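Read through the structure below, which is laid out as structure tokens, and then see the notes.
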Amino acid sequence: MSEDSLWPRASSWLQMANDLPTQLGLLGVPAARTSISATGADHTPAGIRAALASFSTFSYSSQKDLREVSFADFGDSKQPDSPEGESRTMDLAKRVAHNSDLTIALGGDNSITYAVMRGVFGEELSRAGLITLDAHHDLRDGVSNGSPVRRLIEAGLPGTSVVQIGINDFSNSPQYALRARELGIHVITREALRGRSAQSVMDEALSILGDKRLHVDIDMDVCDRSVVPACPAAAPGGISADELRQFARTLGKIPHVVSVDITEIDALADSADGRTLRLGALTVLEIASGYQSR
């Protein structure tokens, strides 16, 4: 890429972390081995970091430059696909949360949500809330990218403190839908999103969650498959790239949101134009832009 001193790349905004406080803190969690379908999601944290070079730091709609916000990269969790690896991820997420206002974790598959949220909230998990943007409930038995929500509830997160946005038709079984109802999870379906603004949907979620400190799980397969070809479980008819960006900016504005993860991109399966990784990078930028307007 050619360089222009008057066109700063978002990749240059991200600085390696020290232990000084930062407003935004980034970590990578390259988990892939327990995924239900084969995936190269372990290559994705690096892929999203690289994709930031495609974008500037300037939000035209807000007329603000993200370089006014400090953004530190704390590196990747090592070999996160094991009980010991999950412990390392928890420790790293705890460190990032201690040193930043808002923690952003790059997956990896959706299994990372369990370790990241446990690390950020620690003993306060029972008083926390979880919002997922996902086509799936993630309540499966066992340990996989299909089980993080169930595991968090078993670890102490109340089911009534979970709001799931974008649950899609023909992407879940009746047994797991029943499990979600029995656990008290509040579901806003893909169908219910049509014709609604991101703000109205988040207002509904916050009416359920109150003033709890929140983690947000953004599973990119909530999107239409045409915009996320590198998400193996994405289906035609998910939300658009623009809708995802609106959700990301809206949730970034919420003061109670203290951590976010972005998951389920298989960097090795992306299209030639890199559209999924680029959307992942834009999701980071939209979250940051929302945070900047708090």
**Item:** Subset of region 22-74 (residues that are more than 23 Å from residue 1 (Cβ to Cβ) and of a type in the set (A, V, I, L, M, F, W, C))
**Value:** 24, 27, 29, 31, 32, 36, 38, 41, 69, 72, 74
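Results for (1) among the acidic types (Asp, Glu); (2) under 16 Å from the mean Cα position of the chain (by Cα), shown as yes or no for each residue.
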residue: 196; (1), (2): no, no
residue: 229; (1), (2): no, no
residue: 232; (1), (2): no, no
residue: 244; (1), (2): no, yes
residue: 250; (1), (2): no, yes
residue: 270; (1), (2): yes, no
**Asked** Among strands (runs of 3 or more DSSP E) lying entirely in region 128-234, which contain 1 or more residues that are touching a residue at least 24 places away in the same chain (Cβ under 8 Å) and crowded, with 24+ Cβ neighbours inside 10 Å?
**Response** 129-133, 162-167, 214-219
**Prompt:** Right, residue 111: of a type outside the set (A, V, I, L, M), surrounded by 23 or more Cβ atoms within 10 Å (Cβ to Cβ), within 24 Å of residue 186 (Cβ to Cβ) and in contact with a helix residue (DSSP H, G or I) (Cβ under 9 Å, 6 or more places away or on another chain) or not?
**Reply:** yes
**Prompt:** How many of the residues in region 27-40 are in contact with a Pro (Cβ under 7 Å, 6 or more places away or on another chain) and either free of Cβ contacts under 8 Å to residues at least 40 places away in the same chain or not in a strand (DSSP E or B) (or both)?
**Reply:** 4
**Message:** Looking at 24, 6 in this structure, which one is outside any helix (DSSP H, G or I), touching a Phe, Trp or Tyr at 6+ places or on another chain (Cβ under 7 Å) and of a type in the set (A, V, I, L, M, F, W, C)?
**Reply:** 24
**Item:** Sole exception among (1) among the small types (Gly, Ala, Ser); (2) buried (at least 17 other Cβ atoms within 10 Å of the Cβ); (3) over 22 Å from residue 197 (Cβ atoms) for residue 241, by number
**Value:** (3)
**Prompt:** Considering only residues of region 5-23 that are of a type in the set (A, V, I, L, M, F, W, C) and modelled with pLDDT under 95, which is farthest from residue 45 (Cα to Cα)?
**Reply:** 6
**Complete:** Given (1) under 28 Å from residue 123 (Cα atoms); (2) in contact with a Phe, Trp or Tyr (Cβ under 9 Å, 6 or more places away or on another chain); (3) aromatic (Phe, Trp, Tyr), residue 13 misses just (1)
**Prompt:** Among the residues of region 235-267, which ones are polar (S, T, N, Q) and either in a helix (DSSP H, G or I) or free of Cβ contacts under 8 Å to residues at least 60 places away in the same chain (or both)?
**Reply:** 240, 246, 250
**Asked** Given the structure, is residue 104 buried (at least 24 other Cβ atoms within 10 Å of the Cβ), touching a helix residue (DSSP H, G or I) at 6+ places or on another chain (Cβ under 9 Å), in contact (Cβ under 8 Å) with a residue 40 or more places away in the chain and under 30 Å from residue 207 (Cβ atoms)?
**Response** yes
**Asked** Quick one: residue 79 ticks every box in (1) touching a Pro at 6+ places or on another chain (Cβ under 9 Å); (2) closer than 23 Å to residue 254 by Cβ bar one, so which box is it?
**Response** (2)
**Request:** Can you work out which of the residues in region 14-29 that are among the hydrophobic types (A, V, I, L, M, F, W, C) and under 20 Å from the mean Cα position of the chain (by Cα) is nearest to residue 53 (Cα to Cα)?
**Result:** 14
**Prompt:** residue 58: surrounded by 14 or more Cβ atoms within 10 Å (Cβ to Cβ) and touching a helix residue (DSSP H, G or I) at 6+ places or on another chain (Cβ under 6 Å), yes or no?
**Reply:** no
**Asked** For region 62-111, what are the residues that are part of a strand (DSSP E or B) and either of a type in the set (Phe, Trp, Tyr) or within 26 Å of residue 40 (Cβ to Cβ) (or both)?
**Response** 71, 73, 74, 75, 76, 103, 104, 105, 106, 107
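The values are calculated or read from the model by the stated rules, or taken from the named source; none is laboratory data. Just so you know, these numbers come straight off a predicted model, no measurement behind them. As a convention, Cβ positions derive from the backbone with ideal geometry for all residues, glycine included, and neighbour counts pool all protein chains shown.
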